[in-house]
Amino acid sequence: MDDLSSLEGIAVTGATGFIGGHLVERVVAAGARPLLLARAPREGAFAGKPVEWAALDLLDLHAIDHVLERARPRTLFHLAGTRGGDPPLAPVACARLNVAATLQLLEAAKRSGVGRIVILGSAEEYGPQEGPLGEELDLRPTSAYGISKAAATRLAQVLHAETGCPVVVLRPFTVYGPGQPPDMFVASALAAALLGRPFEMSAGEQKRDLVFVEDVVDALLMAARTPGLEGRVINVGTGQAHPLRHVAERIWELTGSKAPLRVGARSASPDQRHDTWADTRLARRLLGWEPRFDLDHGLMETIRRSTGRV
């Protein structure tokens, strides 16, 4: 069980999302009663669990100030965000929620006395660069999501430098695991394998540093309770880059699926062709964090929780 004795008054945005849901389950299991900040409680989410909901529109500065002044959390995990949806609308949606709302939340959290704020960046901030990708690199994002996440990271660093905002940015790479959104690669490949449906993919030569969601939760909790991290940006990955073709083949082998795996049946989109590969030395040095799950272990655990048979 996680020792959360050093954390007080945990609040979470994005609690009903993929990573947020796993984080909430962990802190509840450890005996905490987190405050979940959302526009409205999601029906059935965390039913019967000791959580508290607070209605909050992250674009409403007055509401943010009111909720944080009333609740006075000591630790805030800001995991809410958007990929923007359809391309014509993505830049505006990403700018509003990933940048403007994050800035407002950080400023309000500083005013209310939050002791540590942990926010999520993204490997997409790096853009198409040679790996391993270290935190010292210049950022070259090419997607609306990556650009917005890079802007939020930079603003967080500026707020820390100018006001002492106690923010830490974790930059996860390709997160996967139980409950992953169905349109993501591992989730869609696994669903096809288990349901016996054909799976069409690109040649799968692009590589991804896949990190299991429980390892990301470990990093979030370590970042929340490790002193002296304010203003830092820290990668969260495995340090291993796997071709997507290999990932799909391992899913087929581990599930024993007989469904057609059609590698090369589709073309990769331009924003998916480059590799991602994390330099994880800073996470090891500052957090004492290392992933507990390699690719096979993480895939098997995902399959086990999906089917109960592995």
Practice prompt. For HIS274, indicate whether it is part of a loop (DSSP other than H, G, I, E, B) and either touching a Ser or Thr at 6+ places or on another chain (Cβ under 9 Å) or at pLDDT 95 or above (or both).
Written response: yes
*Would you confirm whether any residue within region 254-262 is surrounded by fewer than 18 Cβ atoms within 10 Å (Cβ to Cβ) and farther than 21 Å from LEU194 by Cβ?*
no
Taking region 137-160 and keeping only residues that are loosely packed, with under 15 Cβ neighbours inside 10 Å and modelled with pLDDT of 95 or more, one is left with ASP138, ARG140, VAL158
How many residues of region 226-249 are assigned to a helix (DSSP H, G or I) and either at pLDDT below 95 or buried (at least 17 other Cβ atoms within 10 Å of the Cβ) (or both)? The answer is 4
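Given the residues TRP289, TRP252, which is the only one that is in a helix (DSSP H, G or I) and in contact (Cβ under 8 Å) with a residue 12 or more places away in the chain?
Step by step, each of TRP289, TRP252 is checked, and only TRP252 is in a helix (DSSP H, G or I) and in contact (Cβ under 8 Å) with a residue 12 or more places away in the chain.
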Flagged pairs (Cβ under 9 angstrom, 6 or more apart or on separate chains; first in region 180-195, without any contact (Cβ under 8 Å) to a residue 24 or more places away in the chain; second assigned to a helix (DSSP H, G or I)) are PRO182/SER188; PRO182/ALA191; MET184/PHE18; ALA187/THR302; ALA191/SER306
How many residues of region 82-111 are buried (at least 19 other Cβ atoms within 10 Å of the Cβ), small (Gly, Ala, Ser) and at pLDDT 95 or above? The answer is 3
Within region 284-310, residues being among the small types (Gly, Ala, Ser), more than 20 Å from LYS207 (Cα to Cα) and surrounded by 15 or more Cβ atoms within 10 Å (Cβ to Cβ) number 1
Those residues of region 192-213 that are closer than 25 Å to HIS274 by Cβ and either of a type outside the set (Gly, Ala, Ser) or not in a loop (DSSP other than H, G, I, E, B) (or both) come to a total of 13
The lone condition ARG281 fails out of (1) surrounded by 16 or more Cβ atoms within 10 Å (Cβ to Cβ); (2) closer than 17 Å to ASN235 by Cβ; (3) out of contact with any strand residue (DSSP E or B) (no Cβ under 6 Å at 6 or more places or on another chain); (4) not hydroxyl-bearing (Ser, Thr, Tyr) is (1)
**Message:** Take GLU200 and tell me if it is in contact with a strand residue (DSSP E or B) (Cβ under 9 Å, 6 or more places away or on another chain) and acidic (Asp, Glu).
**Reply:** yes
Within region 161-189, of all residues that are in contact with a helix residue (DSSP H, G or I) (Cβ under 9 Å, 6 or more places away or on another chain) and in a helix (DSSP H, G or I), the one surrounded by the most Cβ atoms within 10 Å (Cβ to Cβ) is ALA189
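What number of residues within region 15-45 are part of a loop (DSSP other than H, G, I, E, B), surrounded by fewer than 23 Cβ atoms within 10 Å (Cβ to Cβ) and touching a residue at least 40 places away in the same chain (Cβ under 8 Å)?
1
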Reported set for region 110-160 where residues are assigned to a helix (DSSP H, G or I), over 15 Å from GLN272 (Cα atoms) and without any contact (Cβ under 8 Å) to a residue 40 or more places away in the chain is ALA150, ARG154, VAL158
All conditions in (1) without any contact (Cβ under 8 Å) to a residue 24 or more places away in the chain; (2) assigned to a helix (DSSP H, G or I); (3) closer than 27 Å to ALA151 by Cβ are true of ASP57 except (2)
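Can you say whether GLY48 is among the small types (Gly, Ala, Ser), in contact with a Phe, Trp or Tyr (Cβ under 8 Å, 6 or more places away or on another chain) and either in a helix (DSSP H, G or I) or on the phi > 0 side of the Ramachandran plot (or both), as far as the supplied structure shows?
Criteria not met by GLY48.
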Per the list (1) under 20 Å from PHE18 (Cβ atoms); (2) in contact with a Pro (Cβ under 8 Å, 6 or more places away or on another chain); (3) aromatic (Phe, Trp, Tyr), residue check on PHE185 breaks on (2)
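The values are calculated or read from the model by the stated rules, or taken from the named source; none is laboratory data. Because the structure is predicted, anything quoted here is derived from the model rather than measured. Note that each Cβ is placed from the backbone with ideal geometry, even for glycine, and that neighbours are counted across all protein chains shown.
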